[in-house]
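One structure is given here, and the rest of the page talks about it.
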Amino acid sequence: MYKIKTIGLAAGIAILLTACNNNKVSFDASGSFEAEETIISSEATGTIKRFEIEEGQTLEAGQNIGYIDSLQLYLKKKQLEAQVIAILGKKPNISVQLSALQTQLKTAEKEKTRVANLVKGDAATPKQLDDINAQIEVLKKQIEAQQSTLSISSEGLGKDVVPLQVQIEQLNDQLAKCNIINPTNGTVLTKYAETNEMTAVGKPLYKIADLTNIILRAY
């Protein structure tokens, strides 16, 4: 709530400092009781859907006394959340997409072991072993390249989501401000708005003052 603090007159009195002089009462000073007033203003723009206060009513700090229409803000938030889900749904599953190449690599490594044993027994040529080693190196490079590509794609999509998440946080703040929460203990002095009226950010809703704490100013 926006607050504008003023000093207002709660009750007027005259201080009688009497002096007995020919049975007459003279006023040596006059003054007033003053209370600190706070004007509570709207923090949102829209139609006031509920506003449950009356002049003279005592309110507590933190008391929810109404709310301002927040449907459009809520729908905008749902739209952004759907966009976030859609973007994150495009992130590649790196382990799944690499599984085929990794399976080929395991098969090639087993074949390398088999061919190496055959070479030892002169049942295979060294060239066959070299070919298997070359195949293994190619598969490793393919896996490394694809993993790099998928990681860059995943990271880029993650960055695309950040601005949307910030907008969602902003909407959460605006939605919270649609609730009219009384910020301080006191008595409602003046009510400036009614249910079903339009309000805007900074527009006064009511004036409140703590009448249990008043100051006597004498002159």
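The values are calculated or read from the model by the stated rules, or taken from the named source; none is laboratory data. Being a predicted model, the structure only gives us computed values, none of them experimental. Glycine also receives a Cβ, built like all others from the backbone with ideal geometry; neighbour counts cover every protein chain displayed. When the accessible area is computed, the model is the full protein with side chains, heavy atoms only, and any ligands, DNA or RNA have been set aside. Shrake-Rupley method; radii C 1.70, N 1.55, O 1.52, S 1.80 Å.
Of all the criteria given as (1) free of Cβ contacts under 8 Å to residues at least 12 places away in the same chain; (2) open to solvent by 80 Å² or more (accessible area, probe 1.4 Å); (3) within 34 Å of the chain's Cα centre (by Cα), the one not satisfied by P163 is (2). In this structure, D173 does not satisfy being surrounded by 12 or more Cβ atoms within 10 Å (Cβ to Cβ) and of a type in the set (D, E).
Only residues that are under 20 Å from Q165 (Cα atoms) and either of a type in the set (D, E) or out of contact with any helix residue (DSSP H, G or I) (no Cβ under 9 Å at 6 or more places or on another chain) (or both) were counted in the stretch 55-81, giving 6.
Is one or more of the residues making up the stretch 28-43 modelled with pLDDT of 95 or more, open to solvent by 60 Å² or more (accessible area, probe 1.4 Å), at negative phi and of a type in the set (A, V, I, L, M)? No, the stretch 28-43 has no match at all. Kindly provide the set of residues from the stretch 117-131 that are in contact with a helix residue (DSSP H, G or I) (Cβ under 6 Å, 6 or more places away or on another chain) and either touching a residue at least 24 places away in the same chain (Cβ under 8 Å) or open to solvent by less than 80 Å² (accessible area, probe 1.4 Å) (or both), ordered by number. Result: V119, A124, L129. In the stretch 32-62, the residue that is nearest to D210 (Cα to Cα) out of those that are among the small types (G, A, S) and in contact with a strand residue (DSSP E or B) (Cβ under 7 Å, 6 or more places away or on another chain) is A35.
The residues of the stretch 82-110 that are open to solvent by 60 Å² or more (accessible area, probe 1.4 Å) and in contact with a helix residue (DSSP H, G or I) (Cβ under 8 Å, 6 or more places away or on another chain), listed by number, are Q83, L88, K90, K91, Q97, Q102, Q104, E109. In the stretch 117-127, is there at least one residue being at pLDDT below 95, at positive phi and not small (G, A, S)? Yes; the residues of the stretch 117-127 include at least one that is at pLDDT below 95, at positive phi and not small (G, A, S).
Yes or no: L59 within 30 Å of K159 (Cβ to Cβ) and surrounded by 17 or more Cβ atoms within 10 Å (Cβ to Cβ)? Walk me through it before giving the result.
Numbers: within 30 Å of K159 (Cβ to Cβ): no; surrounded by 17 or more Cβ atoms within 10 Å (Cβ to Cβ): yes.
Spelling it out, it is not the case that L59 is within 30 Å of K159 (Cβ to Cβ) and surrounded by 17 or more Cβ atoms within 10 Å (Cβ to Cβ).
From the list I85, I94, I48, pick out the single residue that is of a type in the set (V, I, T) and within 16 Å of E194 (Cβ to Cβ). Going through I85, I94, I48 in turn, the sole match is I48.
Out of I65, I53, I85, I48, which single residue is assigned to a helix (DSSP H, G or I) and not hydroxyl-bearing (S, T, Y)?
On the way: I65 fails: assigned to a helix (DSSP H, G or I); I53 fails: assigned to a helix (DSSP H, G or I); I48 fails: assigned to a helix (DSSP H, G or I).
Every option except I85 fails the conditions.
The listed residues are T103, T113, and the only one of them that is under 26 Å from S154 (Cβ atoms) and either at pLDDT below 95 or touching a Gly at 6+ places or on another chain (Cβ under 6 Å) (or both) turns out to be T103.
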